[in-house]
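Below is one structure, written out as C-alpha cells; comments come after it.
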Amino acid sequence: MRTKISRLLITTTSTLLIAIVGAVNSVEAIAVDLKPAQKLADATQFNQANQYTFTDSIRTTQIIFFPQAPGPVRVDDPPGASQLIYRSPSGELTFRGNAIRKQKSALGLLITVTLEPNFDQGQLELTLVLPPVNLQNGQKQSFDTLAIKARGLGRVINPSGAELTYFVLPLKGVAENVALPL
C-alpha cells in the first residue's frame, strides 16, 4: 500500500521552514522529532529589525534607517548597503551605500552622514547612535537614543578654540520588521 504524506510545518520565525513532503510505502507511523527545530525556533525568536524609525520630541525631525537598503538594488551599491532617510523642516535627504559611514562602538552602532558638505562654511554631519535592539517574537520595540549634529568651523585662518560644535538631539526610536521591496 502506498500512502502519500503531505504536511507543512512553518514556524513564526523568518529563518525556520520545515517541510515534509513525500511518499512512503506501508508505514504504520512516522515519528519526526521536532525538538531540535523547536530549540532553533526558541533561539531565533530574538530577531534584528530591518527598519528603525526615529523622531525628536516635537516631531520636526524624522530619521529612517534600513540596515539593508530596500530595493531595487543599484549598480553602485556595495554589498550590504544601508539606507538612511533624514527629514527635517529644511527638507528630505536620502543617503545610501558609501554615503553612510558605520562604526561599532561601546555605545552601539554609530551611523554618520554628511548633511551639508560645505567645507568653506563648515561641514554639518549627523551621527546617529543605534543601540543593539532585539525583537522578541517579531514584535516592534521602542527605545530611546540620540543623534549628534557636528558643525565644523570651515576655512578659518588661525582658528582658536574647538573646531567642532555639537547639537545633541534626543530621539525616540522604533525597531521593527517590515515588508520591503526587493
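Structure values in brief
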| read-out | value |
| --- | --- |
| Net charge, Leu164 excluded, C-beta distance under 15 Å - Lys, Arg +1, Asp, Glu -1 | 0 |
| Two-decimal log10 I(q)/I(0) for the range 60-99, as the Debye equation yields it once each C-alpha is a single scatterer, q = 0.36 Å⁻¹ | -1.23 |
| Loop chymotrypsin sites (Phe, Trp or Tyr not before Pro), the range 114-182, which have at most 13 other Cβ atoms in a 10 Å radius of their Cβ (DSSP) | Phe119 |
| Dipole moment magnitude, nearest 20 debye, the range 58-182 about Cα centre, only Lys, Arg, Asp, Glu C-beta charged | 180 debye |
| Net charge, Leu124 excluded, C-beta distance under 13 Å - Lys, Arg +1, Asp, Glu -1 | -1 |
| Which of Val178, Val75, Val133 is most accessible, then next, and so on - probe 1.4 Å | Val75, Val178, Val133 |
| Heavy atoms of Arg151 accessible to a 1.4 Å probe, total area in Å² rounded to 10 | 80 Å² |
| Ranking by accessible area, most exposed first, for Glu116, Glu125, Glu92 with a 1.4 Å probe | Glu92, Glu116, Glu125 |
| Where labels lie 7 Å past Cα in the beta-carbon direction, separation of Ile85 and Glu116 in nm | 2.4 nm |
| For q = 0.18, 0.25 Å⁻¹, Debye-computed log10 I/I(0) when each Cα of the range 57-137 counts as one equal scatterer | -0.89, -1.31 |
| Heavy-atom accessible area ranking, 1.4 Å probe, most first, across Ser88, Ser160 | Ser160, Ser88 |
| Net charge contributed by nearby residues that have their C-beta within less than 13 Å of Ser57 (K/R +1, D/E -1) | 0 |
| Over 15 Å [Cα-Cα, the range 87-182], rounded percent | 71 percent |
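The values are calculated or read from the model by the stated rules, or taken from the named source; none is laboratory data. Remember, predicted model here, so these are calculated numbers, not experimental data. Positions of Cβ are backbone-derived with ideal geometry, glycine not excepted, and every protein chain shown enters the neighbour counts. Areas reflect the complete protein model, heavy atoms only, side chains present, ligands, DNA and RNA absent. Shrake-Rupley method; radii C 1.70, N 1.55, O 1.52, S 1.80 Å.
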